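Everything on this sheet refers to the single structure shown next.
We did not get these values from a lab; they are worked out from the coordinates using the rules stated. All values derive from a computational prediction rather than experimental measurement. Glycine also receives a Cβ, built like all others from the backbone with ideal geometry; neighbour counts cover every protein chain displayed.
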Amino acid sequence: MLVLGSCGGSETSGDINADLTSSEGLQEASLSFGEGGANSGLEYFNGLLSAVVAVDIKFNEIEKLDEMDASLEQINATIDSTFSKIEQGRAAINLYKNESWPRRAEFHTLTEEWFNVIERITKDYLVDLAEPMSRPDDTWSDEEFDFYDEYAIAYDDYLEVDQRWVDFQEVYAAANNFEIGGTIDEEALMEEELSASH
């Protein structure tokens, strides 16, 4: 499990139709959600979760690529994919703006905030850090290390909104009369995606 809070510790409902434990299952659930396929509070939750997990995996994959000193091309492709998944997620949740499921509007607003924080951190820091991240740490300049330290501070904003997003899952589930059970192993899903991209 990811220690980063978010969907790494995120829970999914026991009665879901979608398999949210594999990359393929997540993509299918996200695609259905993005086509307006959620017809209940529970289906909305599953779709929202799949959209958020898709972004979270890409966002955290950037750190993993840094540890591997992956190529600049691969890091930039993952950054682009993070932005793309955010846009897809925003478009998807906007399809449900008129739905009256209990606490949906609050979940929508919180998810927008979550997307915005990741987008800002990625734009403000990771885009410029991509090139240093593609090199071993002992080749970094003092300025690059200082900038990375600024990124690490900004990352706390992600952890904060992420924890609120995770906590709100229980609130939303209770309001919509379903229980949450099980977890998504984001680390395993990330490894699956990284292996597929090599």
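Only Lys, Arg, Asp and Glu carry charge here, each on its Cβ (+1 for the first two, -1 for the last two); on that basis the range 146-189 has a dipole of about 360 debye about its Cα centre. First select every other residue whose beta carbon is under 9 angstrom from the beta carbon of VAL171; then total the charges, Lys and Arg +1, Asp and Glu -1. Net charge around VAL171: -2.
Label sites at ALA77 and GLU112, each approximated as a point 7 angstrom past Cα along Cα to Cβ, lie 3.4 nm apart.
Only one residue of ALA173, SER134, VAL55 has its Cα farthest out toward the positive end of the dipole of the chain, where Lys and Arg carry +1 and Asp and Glu -1 on Cβ, and that residue is ALA173.
Label-to-label distance for VAL127 and GLU192 is 3.1 nm, based on points extended 7 Å past Cα in the beta-carbon direction. Remark: the range 164-172, residue by residue, has Karplus-estimated 3J(HN,Hα) of 5, 5, 4, 5, 6, 3, 5, 4, 5 Hz, where x stands for each Gly or Pro and the curve is 6.51 cos²θ - 1.76 cosθ + 1.60 at θ = phi - 60°.
If the segment from ASP185 to ALA105 were pulled out straight at 0.36 nm per residue, it would be longer than the present Cα-Cα gap by 26.1 nm. For the range 62-138, what log10 I(q)/I(0) values come out of the Debye formula at q = 0.11, 0.18, 0.19 1/Å, with one point per alpha carbon and no solvent? Scattering profile of the range 62-138, log10 relative to I(0): -0.38, -0.74, -0.78. Scaling against 2.2 N^0.38 Å puts the C-alpha radius of gyration of the chain at 1.03. The stretch between TYR155 and ARG90 holds 21.3 nm of extra length on full extension. This uses 0.36 nm per residue minus the Cα-Cα distance. Taking a point 7 Å out from the Cα of GLU143 in the direction of its Cβ, the residues of the range 101-129 whose backbone N falls within less than 17 Å of it are 125-129.
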